[in-house]
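Worksheet: the structure to be examined is printed underneath.
The values are calculated or read from the model by the stated rules, or taken from the named source; none is laboratory data. Because the structure is a prediction, the values reported are computed rather than measured. Cβ sites come from the backbone with ideal geometry, for glycine too, and all protein chains shown count toward neighbours. For accessibility, only protein heavy atoms count, side chains too; no ligands or nucleic acids. Shrake-Rupley method; radii C 1.70, N 1.55, O 1.52, S 1.80 Å.
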Amino acid sequence: MTLPVSLAPEVPDGVDVLGVPVAKGPVLVGHGHGIEVGQLEARGFEGKVGETATLAGEGAGSLVAVGVGPAEEVDADVLRRAAAALVRAAWKRRSLATTVLEALPPDGDRALATRAVAEGAALAAYRFTRYKSDPDPCRLEGLSLVAADADGLAPHLDRARATVEGVCLARDLVNEPAGSLSPSDLADRASEMAQRVGLGVEIIDEIEAANLGLGGLLGVAQGSEQPCRLIKLTYDPPGATRTVALVGKGITFDSGGLSIKTAEGMMGMKTDMGGGAAVIGAMSALPALAPSVKVIGFVPATENMPGGRAIKPGDVLKTRNGTTVEVLNTDAEGRLVLADGLALAVEEQPDAIVDLATLTGACIVALGARISGLMGNDGDLVEEVRTAAERAGEPAWPLPLPQEYRKQIDSEVADLKNIGGRSAGALTAGLFLQEFVGEVPWVHLDIAGPSRSDDDDGPLVKGATGVGVRTLLEMVMGAEGLSAPVSGQST
Ligand code: BES
Ligand code: ZN
Ligand code: ZN
């Protein structure tokens, strides 16, 4: 259940809360609607992005000023945060309207801004209340986005709605405790979704996985009582001009295996299927968004546990494409399951592969909690995904895949080893994945940091963020127009 957002040509009568943008500058700049700038200044309101102040309004309604920063810097990202702030300010009220779009400079991207406002508001209203005896859900029944050109903007609202549902599905899956979301539960949830929205779905169980030679996935699964699954989802519209494969790490719990994590390190490891959840969430929105792109999603799903049959440091696994891997640290399990997922993706002969994974602590050290690491073997595709991530408000920063470091994953006994030493951990993980994509243009997003948030922040709510869903959808929707068969490789 997400917050319904609608467009209105003017402020509807009788709204409980009207949110009005106020820009920062030498003096505050209000956008009409009864905002008394002097009163705000007297209260110490500075107009910072997302800052709010409630003023008495006409009638029963209240007026909330929301800061949007310097007027000339207002863009989709600013308005996304402003909308989220308004929802928090109006949490216990029934109806909210906002004129934030009026703060967008004339040369701003109105379509993107409309989506950003709708998404920011709905995502800030998200709560995972399943296990709360006394939840405090958002009481808002709807948000009216005031825009003179309401009619023309309607399709963008539809797109935002589908996107938000995809993000919320991903958040729900990630927030669900590992004890109630085993690999087969995850597969069941993906199947139900696929049937509901009209995607193709195939669930590969542990027996089929053995037949297919998914040695990486099966190896990680050995230490768990729970059988593994490989989830395959397909969106195949008629007349597709491009094929994109998505691969998401689906470790439903990462204890580290025999290379066991510390108690502190294990906290939050139910989040280790965040990449898989992003793939499932993004796929769920495709039938509604209807891009002319074929999209195939793969989620190798297993627990990483230290059971009696668990893989031991020094064991060698044989992956789907025949590459053998010496497992020297069982906690570097993500790359083992992704090896099989990527190899299967390559077999579909896609034009591009994007994988998402909560892969390395090293990436958090490098880029922190809000920025994903972005690596790949094709400059154009890296830039395409980087731009999509930026437009989506999910920043990703390019990191290199230096060939000089490739030797760090050479093994004494097998083709590769699964750890690359202390330095450049995010990069050696990326170099490992690169071994499984052949010549296919590929991008890897390390989302270890951004998959969770420690606080409510703009569209993010403490807990799962659903990061990746918006980026993937932005990419697939953007790719539509760019997909003229220049390379001649599309089928
Ligand atoms: N799932 C973890 C990475 C992770 C750490 C995600 C913290 C989110 C927060 C991954 O499986 C892991 O344990 N990676 C190891 C790799 C190392 C053993 C080479 C790491 O980053 O320490
Ligand atoms: Zn691990
Ligand atoms: Zn992991």
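One table, with the values for the structure above:
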| read-out | value |
| --- | --- |
| Segment ARG422-LYS261, extension gain: residue separation times 0.36 nm, minus the distance between their alpha carbons | 56.3 nm |
| Per residue value of the accessible surface for segment 5-146 (all protein chains in place, 1.4 Å probe), Å² | 44 |
| Nearest-10 value in Å² for the accessible area of LEU181, using the 1.4 Å probe | 0 |
| Accessible surface, 1.4 Å probe, highest first, among residues MET305, MET375 | MET305, MET375 |
| Accessible area per residue in Å² at 1.4 Å probe, computed on segment 165-479 | 35 |
| Relative packing of 11-21, 241-251, 274-284, which averages over residues the other C-beta atoms within 10 Å, highest first | 274-284, 241-251, 11-21 |
| Antiparallel DSSP beta bridges within the chain, as percent of all bridges there, nearest 5 | 40 |
| Spin-label proximity, ASP136 to segment 12-55 - amide N less than 19 Å from point 7 Å beyond Cα toward beta carbon | 51-54 |
| Helical contribution to [θ] at 222 nm, DSSP H n ≥ 4, -39,500 (n - 2.57), averaged over the chain, rounded to 500 | -10500 deg cm²/dmol |
| Rh (Kirkwood; distinct C-alpha pairs) - segment 5-146, Å | 15.0 |
| HN-Hα J in Hz across segment 62-79 - Karplus 6.51, -1.76, 1.60, θ = phi - 60°, x for Gly and Pro | 10, 10, 10, 7, 10, x, 10, x, x, 3, 6, 9, 5, 9, 4, 5, 4, 6 |
| Percent carbon-and-sulfur accessible area, segment 348-488, ignoring ligands, DNA and RNA, probe 1.4 Å | 51 |
| Percent accessible area from carbon and sulfur atoms, segment 182-234, protein chains only, probe 1.4 Å | 42 |
| Rounded percent of accessible protein surface that carbon and sulfur make up, segment 5-146, 1.4 Å probe | 48 |
| Links that overshoot a 25 Å alpha carbon limit, given the list LYS270/LYS407; LYS249/LYS462; LYS232/LYS407; LYS132/LYS270; LYS232/LYS261 | LYS270/LYS407; LYS232/LYS407; LYS232/LYS261 |
| Set of aspartates and glutamates with alpha-carbon distance to LYS48 below 13 Å, sequence-local pairs under 8 removed | GLU73 |
| Amide H contacts of ARG242 (H built 1.01 Å from N, under 5 Å, at least 5 apart or other chain) | LYS294 |
| Residues GLU439 and SER411, FRET efficiency given R0 of 25 Å [Cβ-Cβ distance, rounded to 0.05] | 0.60 |
| Whole-angstrom gap from segment 85-140 to segment 350-391, using each part's C-alpha centre | 27 |
| 0 to 90° range, to nearest 10: angle between helix 379-392 axis and the chain longest Cα axis | 40 |
| Mean projected area (nm²) of the alpha-carbon convex hull when the chain is viewed from all directions | 23.9 |
| Peptides ranked, highest mean first, by Cβ atoms within 10 Å: ranges 355-363, 224-232, 407-415 | 355-363, 224-232, 407-415 |
| Full-stretch length increase - ARG94, ARG196 - with 0.36 nm per residue and alpha-carbon distance subtracted | 33.7 nm |
| Calculated from backbone phi, Karplus (6.51, -1.76, 1.60) coupling profile of segment 464-476 in Hz, x at Gly/Pro | 4, 9, x, 4, x, 4, 5, 4, 4, 5, 4, 5, 5 |
| Net length gained if the chain between ASP315 and GLU36 were fully extended (0.36 nm per residue, minus Cα distance) | 93.4 nm |
| Helix 334-347 vs. the chain, principal-axis angle (Cα, 0 to 90°, nearest 10) | 90 |
